[in-house]
Amino acid sequence: MPEIKSLPEELQKVAIEELGEVPSRIDQYLEDFRRWIELQPHIKTRTDDQYLIQFLRGSKYSLEKAKQKLTYTCLIKTKFPKMFRLTNIDDKIFREMVSAGSLLPLPIPLYGNGPRIILERFVYPITTNYNIENYVQLMCALHEVLAFDDPHAGVCGLVYIMDFTKLQKDHLAGLTITLLKFLISLKEKALAMRLRAIYLINLKPYAEQILKMGLSIMPEALKKKMIVCGKDLSSLPESLPLKYLPRDYGGENGSLEELRADHINMWEKYREFFEMNSCFDFNEKFFMGEPICGDEVQFGAGGSFRKIEVD
């Protein structure tokens, strides 16, 4: 029997109907996936059932797509460890980023049994010690945790609520056009969960500049998931009822301070999980397939690094 967390009946139904999951065949899917990994001399990665099944679910059980996502994930973890391969949850900057409460998973999923909601608030400190790469590290580490341990995120996907109220220009320090393009490409190439929607509230003029630039290079499917809301939260679209926001926003989904405290404590149970990242890598010398590095992953090796200027 596969060693994966059992799903509640409602989520199992979603997995069957939307992801093409066949419970009786999961063991075979995992065996085929693991056998393929063992034959790849260039990949060292986790192979436990709970980790691998998320790549299958996130690929709607297309084994070829799951292989591609896992391969790309291993590549970027090796090529850009500062952003994508957290190994020490006690790292001072990482803990301070966590403590700020910029990224908070909300306890009640959308509609009570749907996608996991993540509130993004841009409240991390602005000093010479912090830059956009530290923030990307936190976001990617959170995605790893949710993919591994959150059935709502794993089966139903993610919904982001991005609140730009406290965004300052210095929060964007280090953001380049190439990095922006790269981060957008990760959604299709590496994210092991479905991104269902991104709600943007309280946009500021310089945030609108970044949004316009991002929209110009986004695939059409991703553009359709971007929903710009006004400052009056009573005007939220029907797809995002106010009650699923925190109490600080007029909703019923926890308070910001409670959520921040829970989020800080959450990381303790994943200490060993992230320590294991140091054992995994991608050795390009042994990779025999077609190149999988597009221009978007060359920014760390002499590619375009033009800074985005905001007014």
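The values are calculated or read from the model by the stated rules, or taken from the named source; none is laboratory data. All values derive from a computational prediction rather than experimental measurement. When we count neighbours, we look across all protein chains shown, and the Cβ atoms used for this are built from the backbone with ideal geometry, even at glycine. Remember, those area values only see protein heavy atoms, side chains included, never the ligands or the DNA or RNA. Shrake-Rupley method; radii C 1.70, N 1.55, O 1.52, S 1.80 Å.
Whose amide H sits under 5 Å from the amide H of residue 195, counting only residues 5 or more places off or on another chain, with H placed in the peptide plane?
Amide H neighbours of residue 195, under 5 Å, 5+ apart: 158.
Hey, what's the Cα Rg ratio for segment 115-259 versus the globular rule of thumb, 2.2 N^0.38 Å?
That works out to 1.04 for segment 115-259.
Treat each spin label as a single point 7 Å out from the Cα along the C-beta direction, and report the residue 228 to residue 208 distance in nm.
For the pair residue 228/residue 208, the computed spacing is 0.7 nm.
Just tell me which aspartates and glutamates come within less than 17 Å, Cα to Cα, of residue 212; anything on the same chain fewer than 8 places away is out.
Within the straight-line limit of under 17 Å, residue 212 reaches these aspartates and glutamates: 163, 220, 309, 311.
Largest first and in whole Å, give the semi-axes of the chain's equivalent ellipsoid, each being the square root of 5 times a Cα gyration tensor eigenvalue.
29, 25, 19
If you restrict to DSSP beta bridges whose two residues both lie in the chain, what percentage is antiparallel, to the nearest 5?
30
Given the whole protein assembly as supplied and a 1.4 Å probe, what does the accessible area of residue 226 come to in Å², nearest 10?
Per-residue accessible area (residue 226): approximately 40 Å².
Expressed as a whole percentage, what fraction of the accessible surface of segment 146-231 belongs to carbon and sulfur atoms when a 1.4 Å probe is rolled over the protein heavy atoms?
60
In whole Hz and in residue order, list the ³J(HN,Hα) couplings for segment 58-74 that follow from phi through the Karplus curve 6.51 cos²θ - 1.76 cosθ + 1.60, θ = phi - 60°; x for Gly and Pro.
Here the 3J(HN,Hα) series is x, 10, 6, 6, 7, 4, 5, 5, 4, 4, 5, 5, 5, 4, 5, 4, 5 Hz.
For q values of 0.14, 0.16, 0.25 Å⁻¹, compute log₁₀ I(q)/I(0) with the Debye formula on a Cα-only model of segment 85-184, without solvent.
-0.58, -0.75, -1.42
I'd like the Karplus ³J(HN,Hα) series for segment 206-217: coefficients 6.51, -1.76, 1.60, θ = phi - 60°, whole numbers in Hz, and an x wherever there's a Gly or Pro.
Working through the residues one at a time gives 6, 6, 5, 4, 5, 4, 4, 5, x, 4, 5, 10 Hz.
Quick one: check the C-alpha center-to-center distance for segment 121-154 versus segment 229-267, whole angstrom.
A separation of 18 Å, based on Cα centres.
Just order 33-41, 238-246 by mean Cβ neighbour count inside 10 Å, highest at the front, would you?
Put in order of decreasing packing, that is 238-246, 33-41.
Label residue 129 and residue 283 with points 7 Å out from Cα along Cα→Cβ: what is the distance between them in nm?
So the label points at residue 129 and residue 283 sit 3.7 nm apart.
What shape does segment 1-115 take by its C-alpha gyration tensor, where a ≥ b ≥ c are the square roots of the eigenvalues and a/c under 1.5 counts as rounded, a/b above b/c as prolate, and the rest as oblate?
Because a/c hits 1.5 or more and a/b fails to exceed b/c, segment 1-115 counts as oblate.
Relative contact order (percent) for segment 111-185, with alpha-carbon contacts under 8 angstrom and 6 or more residues of separation?
52
With the convex hull built on the Cα atoms of segment 76-124, state its orientation-averaged projected area in nm².
4.6
How much area per residue is accessible in the chain when the probe is 1.4 Å and only protein heavy atoms are counted (Å²)?
Heavy-atom SASA per residue in the chain reads 48 Å².
Excluding residue 198 itself, calculate the net charge of residues whose Cβ lies under 13 Å from the Cβ of residue 198, where each Lys or Arg counts +1 and each Asp or Glu counts -1.
+4
With contacts defined as alpha carbon pairs under 8 Å and 6 or more residues apart, what's the relative contact order of the chain in percent?
Averaging sequence separation for qualifying contacts and normalising by length gives 23 percent for the chain.
Kindly list the residues of segment 146-160 that lie in the label zone of residue 248, defined by a backbone N under 18 Å from the point 7 Å along the Cα-to-C-beta vector.
It comes to 160, nothing else.
Once the whole set of protein chains is in place, how much accessible area is left on residue 229, using a 1.4 Å probe, in Å² to the nearest 10?
For residue 229, the solvent-accessible surface is approximately 20 Å².
How large is Rg/Rh for segment 111-155, to two decimals, with Cα atoms and a Kirkwood Rh?
Here the Rg-to-Rh quotient is 1.09.
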